[in-house]
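Structure first, then comments.
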Amino acid sequence: MSLEIREIGADEFDLVWPIFHAVVAAGDTYSYAPDISLDEARAMWTSAPTRCFAALIDGAAAGCYMLRPNQPGLGSHVANAGYMVAPHARGQGLAGKLCEHSMAAARAAGFLAMQFNCVVSTNEVAVKLWRKHGFAIVGTVPRAFRHATRGLVDIHVMHRFL
């Protein structure tokens, strides 16, 4: 298995769109509208200051992540990231590799910390993985996510210094 993680621009977002669409349409991990359009997704994940990275396994898209400042101006030293793994590529450690890659990219870009604003509490695999990579839950917002099958559930804010 050959893994390549590389930055992509708007012109290559079509590579990861099937992954993005499948993850968001499930309605269980991202707050984006399940029927988000390709153009809306492309703009959100590839317009500066947001950077998009694709994970290719043997040349085929298997995952992606976006990296950006968590806040503008006086909060721009804290990075924010979001990760997506194709259903067929789950359980192989790819999300962890994306996380490690994003932390290195964030450090290289001068960020001092990373924060996830909306980790759905029922996404136990993600919560466990982010904790493994040094993130702590620094807050929980009650019933802030409308889960497609479980109704209103909590979200966690997770943070770590880089």
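Just so you know, all these numbers are worked out from the coordinates, no wet-lab data involved. Since the structure is predicted, the reported quantities are computational estimates derived from the model, not experimental observations. A quick note on method: Cβ atoms are made from the backbone with ideal geometry, for glycine too, and the neighbour counts reach across all protein chains shown.
Before moving on, here are some points about what is shown:
- Boolean, residue 140 is surrounded by fewer than 16 Cβ atoms within 10 Å (Cβ to Cβ) and part of a loop (DSSP other than H, G, I, E, B): no
- Residue satisfying all of: in region 72-129; among the hydroxyl-bearing types (Ser, Thr, Tyr) and not in a loop (DSSP other than H, G, I, E, B); farthest from residue 154 (Cα to Cα) among these: 102
- Some residue of region 110-124 being under 22 Å from residue 20 (Cα atoms), surrounded by fewer than 13 Cβ atoms within 10 Å (Cβ to Cβ) and out of contact with any Gly (no Cβ under 6 Å at 6 or more places or on another chain): yes
- Residue that is nearest to residue 14 (Cα to Cα), among those in region 26-71 that are assigned to a loop (DSSP other than H, G, I, E, B) and of a type in the set (Gly, Ala, Ser): 37
Yes/no per residue for (1) touching a residue at least 40 places away in the same chain (Cβ under 8 Å); (2) touching a strand residue (DSSP E or B) at 6+ places or on another chain (Cβ under 8 Å):
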residue: 80; (1), (2): no, yes
residue: 93; (1), (2): no, no
residue: 114; (1), (2): yes, yes
residue: 125; (1), (2): no, no
residue: 135; (1), (2): no, yes
residue: 158; (1), (2): yes, yes
residue: 162; (1), (2): yes, yes
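- Residue selected from region 6-64 under the condition acidic (Asp, Glu) and either in contact with a strand residue (DSSP E or B) (Cβ under 6 Å, 6 or more places away or on another chain) or in contact (Cβ under 8 Å) with a residue 60 or more places away in the chain (or both), by the criterion farthest from residue 79 (Cα to Cα): 28
- Where residue 78 falls short, out of the listed (1) under 26 Å from residue 3 (Cβ atoms); (2) surrounded by 13 or more Cβ atoms within 10 Å (Cβ to Cβ); (3) of a type in the set (A, V, I, L, M): (1)
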